[in-house]
Structures are given as structure tokens and as C-alpha cells.
Amino acid sequence: MSTKIAIICSKAFMKRIISIAQNIDNIQLEFYLYNHPSEAPILMKQIKPCDALLFGGTLPFLHAQSLLPKIPIPWNYIKQDETTISTTLLSLVAKNAIPINRISIDVMNPAFVDNVLTEIDYKGPKPHIQHISITEPTEHILKRHIALWNTKSIDFVITSIHSVFDTLQAHQIPAMRMIDATNSIIQCLEETKSKSLLTKSESFKAVVGFLEFPTDSSIDSAILNQIAKATFSTYKQISSQTFELYTTAGHLQNALVKETLKELIKQIEIPIKLAFGYGHSMLEATRNAQHALTFSKPFEIYILDEHKNLLGPFPKSEGKLSLKTDDPYVLQMAKLTSLSPLNISKIINFSHERQSAQFTSQNLSEYLQVTRRTTERIIKKLVDQGYAKVVGEEMTHQQGRPRTIYELNFATY
């Protein structure tokens, strides 16, 4: 299955990256275009379900940086470095034979220009360097370029900002965009794809848990089954009062984030102990779970990960997810689809927790814990209003009806 990457960039960069991405197998690109990098935070709110997020430059990344901790997918950005600057300078000098000191260039880090000139042992006068900062409007940089041109101090402009390039072209001032090396873009796309695959593999990491009942109480099978269901665990009894659970890191994390376990523990009157362990092997995960159990007190959960970090006690720890029902966007969707705001919020959370943008009605049914018939009605309402779309079918058996594959078609971040 291909890795779906959302890319926030300019229209000009989109054309370049489309031609380069053909060299990479199993990726699918979806673009969110800005006229100015400061629009990146707005575009982040429009991103549909995907596997990773890529910014087409340092400037849009910096504008959106404060929002990144809130998104549940890996992200990356194409960085401006010495290779980018040296490639651009070489191209300009080779094609136009313009002296270095007759160039005005805007960059994220002026030291990169100095480093490039030092590397080539350049001793002459330096170019006019304009420092790009998100605290300064790009119009100021544009004005400095134009002022240098009007005073005949320069013959050419190199800019990292596509909107600045467009305005310089309109003023008939010779200019070029900074050239991101093809190899750098390929490397960044490969890195973004790898981050997505790593995130997925981490979610499928095996986890072992221990559920311990007090010695003076009988085993309550209802409690055992509820905990197993909440964590998508299988289990076996290993002593008269203790059960060993087997699940994945993704399922356990979901149960903690959605507060499923918290609600269960609030309802349980028997002072059970519950602990989980992560590990590079089942043996290591089991040992870590046993160690975590020594910290557990009644009605608390501890986790010991493969790096020996002790997490907990849950549910007292932070890291909760509240499903908003007062979000105007959610309320508008609820009105159009005739679904409850809570169901819309759950569907958004379902998208965050999926390891793929694609899903079947069975996947959603298991998540919502409702019947297939109910789930199919929900999906139909989403499809009818354009909030979901059919993208294919899958055959799970040699005989029988194929399952329809869907994708959500609205912003979920």
C-alpha cells in the first residue's frame, strides 16, 4: 500500500516535486497550495487523512511549527542548506556570468552563504544578503531587493520566497527562485516515507500486560473481558489471580487516549492492578510488564517501555483526548449529515488512529463498537454529503462479496 503524503507548498514547487516524485515507489502526493508561506497554519486545518505531512520549505514550516505537536502523523520539511545555495549560485553564474557582488539573495541562514563562499575560496566582495525571518514581513525583503535594483547596485535577485519572485517578475527585475537540488528533494521524500512506515511499525509493536486480582477476591470474568475488549487483547491465566494480556502499542495507546480504561477502572469496585510492558521481544516485554506491576497500586496502571521509561500512573497522568462537540466545523458536518456531533468527533479520532487513510465498514464498526448495519448507514451519510468517498474494493476470501474501501474526504487535523 502506498504512503500518502500531504504537501504544503507553493504552486511552483508543486510542479517541481511532481516531476521528481516519479523516482520514488509507493508514494501518493496530495497538495495544499499557498500564495504566501504564512498561510501554512490555515492549510494544516484542511488536510485530509494521510500518512505524513511535508512542508515545501523552511518558511512554511516555521509558520506552522506551533501546530505540529497536535497532529498525530509524522512531519518533515525541505530544508535550505549549503547545497541549495551553492547549486543556485553555480546555475546563475554559469548561465548569466553575473559577478557575485551584483547579486541580492534572501536566505533563512546568512551563514550558509558565507560557508559556500569560503568553501570555494572566494575572496571578492560578497553578495547582498537579505535575512528571512518569520517575524519580518516578506514585503520588507521585497522592498530591499527593489531598492538595490533601483540604485543600480545589483543585476540579479535570488529569492527563496515564491511570492517575492512573482512580484519581481511583474516589475521586470531579473530574478530566479532558489534551486532545491533534486537529490535533496528525493532524500526528503524518502525520509518522510520512512518516518511514516516507522510510526506504523511502532503502533504494531507487541505489548504484554498483567491483570492481577486481589488474593481475597474471586475472579470476575466480566472485568477481565471488558479490559481485554478495551485494549484489543487476548489473554491467558498464569496463576490463580493473575492473567497475562497480549496486544499492540497502538491499541493500548488508543485505549489510554480515549480514556476507555479510565472509565472502566472508575466502574470497577474490586481493587485490581494492571501493568503493561513494551519490548524488542516478547520476553523483554513480559519482564518489563512484571517490573511495572511492582509499581502498580489498586485502580492504577503503569507502563514500562523498552527504554526502561516508567509511564503512569494512569488514569491520573495527563495525555487525555477530549472529543469536542462545540467545534463549529463539527457542528456543521453534523447538521449536513444528520449524524451526532459526538459521532463526527469519533470518526475524526478514528482517522487519527488509523495506520492507513483507507478503511472498510468493518474497521469503522469495530472502532465505534456498533453494528455493521449502523456503520454502513453512517458511511452512506458521509458519502452522500461528500465527506467520504469509495476508493476501491478488496477480496478477503475466494468467495463472497468484496468489501468496499473508503477514504474520508474532509480535514481531520
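The values are calculated or read from the model by the stated rules, or taken from the named source; none is laboratory data. Bear in mind that the values here come from a model prediction, so they are computed numbers and not experimental data. All Cβ positions, even for glycine, are placed from backbone atoms using ideal geometry, and neighbour counts span all protein chains on display. Accessible surface is based on the protein model in full, side chains and every heavy atom, while ligands, DNA and RNA are left aside. Shrake-Rupley method; radii C 1.70, N 1.55, O 1.52, S 1.80 Å.
Meeting the requirement of 2 or more residues that are buried (at least 21 other Cβ atoms within 10 Å of the Cβ), touching a residue at least 24 places away in the same chain (Cβ under 8 Å) and of a type in the set (A, V, I, L, M, F, W, C), the strands (runs of 3 or more DSSP E) wholly within region 8-108 are 52-55, 103-107. For region 331-384, filtering for residues that are assigned to a helix (DSSP H, G or I), in contact (Cβ under 8 Å) with a residue 60 or more places away in the chain and open to solvent by less than 40 Å² (accessible area, probe 1.4 Å) leaves 6.
So which of 134, 161, 186 ends up being in the same structural domain as residue 20 (by the TED database) and within 30 Å of residue 51 (Cα to Cα)?
186
Restricting attention to region 194-218, the residues that are farther than 20 Å from residue 277 by Cα, open to solvent by less than 60 Å² (accessible area, probe 1.4 Å) and not assigned by the TED database to the domain that holds residue 26 total 2. Looking at residue 153, is it modelled with pLDDT of 90 or more, within 30 Å of residue 128 (Cα to Cα), assigned to a loop (DSSP other than H, G, I, E, B) and outside the structural domain of residue 56 (by the TED database)? Taking the combined requirement at face value, the residue satisfies it. The residues of region 110-153 that are open to solvent by 70 Å² or more (accessible area, probe 1.4 Å) and in contact (Cβ under 8 Å) with a residue 40 or more places away in the chain, listed by number, are 134, 144, 149. Quick check on region 204-220: of everything there that is modelled with pLDDT of 90 or more and not β-branched (Val, Ile, Thr), which residue is nearest to residue 354 (Cα to Cα)? By that ranking, first place goes to 209.
Residues that are of a type in the set (S, T, N, Q), modelled with pLDDT under 90 and within 17 Å of residue 298 (Cα to Cα): does region 241-253 have at least one? No: zero hits. Would you check which residues across region 238-278 are of a type in the set (Asp, Glu), assigned to a loop (DSSP other than H, G, I, E, B) and either open to solvent by 50 Å² or more (accessible area, probe 1.4 Å) or farther than 22 Å from residue 73 by Cα (or both) and list them? Listed by number, the list holds a single entry, 269. Looking across region 175-196, the residues that are touching a strand residue (DSSP E or B) at 6+ places or on another chain (Cβ under 8 Å) and either at pLDDT below 85 or not in a helix (DSSP H, G or I) (or both) come down to 175, 176, 177, 178.
On inspection, residue 227 does not qualify as in a loop (DSSP other than H, G, I, E, B) and assigned by the TED database to the domain that holds residue 286.
Assuming residue 354 fulfils every condition listed in (1) touching a Ser or Thr at 6+ places or on another chain (Cβ under 9 Å); (2) closer than 21 Å to residue 204 by Cα apart from one, which condition is it? Going through the list (1) touching a Ser or Thr at 6+ places or on another chain (Cβ under 9 Å); (2) closer than 21 Å to residue 204 by Cα, residue 354 breaks only (1).
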